[in-house]
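Working notes for the structure below.
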Amino acid sequence: MDHHPDQSILNSSIPLCAEAHKHYGLLQVKKPAEIPSSSFAPIALFELAEAVRSHPVFFLGNETITPVVITGISPANQLMYQPVLHRLYPFSLQKLSDQNAAALVFDPNCQRMVPCTTHTDAIALFSADGQPTEMLQLIINTAVQHYTSQKQAEIFANALKEAGVLSVSQLEYTHSENGQDKTLRFYMLNEKAYRDLPANTVHAWFKKGWLDAASLILMSHAHWYQHLNKSQNQRQA
């Protein structure tokens, strides 16, 4: 699997502001190809219940572990799950450098971002007095929800790592780093190690809702095993 581990699908980004972009609007998506896709994407905790219905959830990272939904493994006769990060395109909430704050940015190369003056079918992002429209406010609220919940997902994932309940999977990806190809593997939740957690940890995680998240992720592993069985049968055919 080749894919860059960047948490954003924006090739480039600039901050959205009323002064510079007050005449901008957003064209509605007419076909799925207008939304960029990837083999995997960071996932927020509130997405888990929806995502695990059709795709496995693994973990990725070195010092910081992040839960990711593996969208590159799609069961037959099911639509590809679209992570919220992709549905937000061309927008994303990004942390400002050296500041404890984030800003809404957008991909200036996205052809759906157009001047309302020349595209009457575009949905305006700002009102005449420079205030966010209902459409933009919905985008902002969704971006903030995802950003916050995804950070909580990282805390959850790193707690799993520290507890020693993650195991290296067979799935890997290769990306270029400083001109050299680098291959990293994904981690899976080890069910046996998870079931052997001490009672005090189980109680603490239950109060945080992490047991529910872990159970959903364990359920999602069935999609991975089905994928392996299907691949093996195709090789033997």
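Condition test on THR183, is it at negative phi and over 15 Å from the mean Cα position of the chain (by Cα)?
In short, yes.
What's the total number of residues in region 160-183 that are surrounded by 17 or more Cβ atoms within 10 Å (Cβ to Cβ) and in contact (Cβ under 8 Å) with a residue 60 or more places away in the chain?
Qualifying residue count for the region: 5.
Out of the residues in region 147-157 meeting the condition of being closer than 15 Å to VAL57 by Cα and of a type outside the set (A, V, I, L, M), tell me which one is modelled with the lowest pLDDT.
That would be GLN150.
Can you find even one residue in region 95-104 that is crowded, with 17+ Cβ neighbours inside 10 Å and more than 13 Å from ALA18 (Cβ to Cβ)?
No: zero hits.
Consider PRO90 carefully, then state whether it is at pLDDT 85 or above, crowded, with 16+ Cβ neighbours inside 10 Å, more than 13 Å from the chain's Cα centre (by Cα) and within 26 Å of LEU136 (Cα to Cα).
Criteria met by PRO90.
Of the residues that make up region 62-71, is at least one in a helix (DSSP H, G or I) and either among the acidic types (Asp, Glu) or modelled with pLDDT under 90 (or both)?
no
If you check ALA157, ALA222, ALA213, which single one turns out to be in contact with a strand residue (DSSP E or B) (Cβ under 6 Å, 6 or more places away or on another chain) and either farther than 24 Å from LYS95 by Cβ or surrounded by 15 or more Cβ atoms within 10 Å (Cβ to Cβ) (or both)?
Of the residues listed, the single one that is in contact with a strand residue (DSSP E or B) (Cβ under 6 Å, 6 or more places away or on another chain) and either farther than 24 Å from LYS95 by Cβ or surrounded by 15 or more Cβ atoms within 10 Å (Cβ to Cβ) (or both) is ALA157.
Six or more apart or on different chains, Cβ atoms under 8 Å: show the pairs whose first residue is in region 139-152 and closer than 15 Å to VAL105 by Cα and whose second is surrounded by 15 or more Cβ atoms within 10 Å (Cβ to Cβ) and polar (S, T, N, Q).
As it stands, the answer is ALA143/SER92, since those pairs meet every condition given.
The values are calculated or read from the model by the stated rules, or taken from the named source; none is laboratory data. Only a predicted model underlies this, so the values are computations on that prediction, with no experimental measurement involved. Here Cβ is always computed from backbone atoms with ideal geometry, including for glycine, and neighbour counts include all displayed protein chains.
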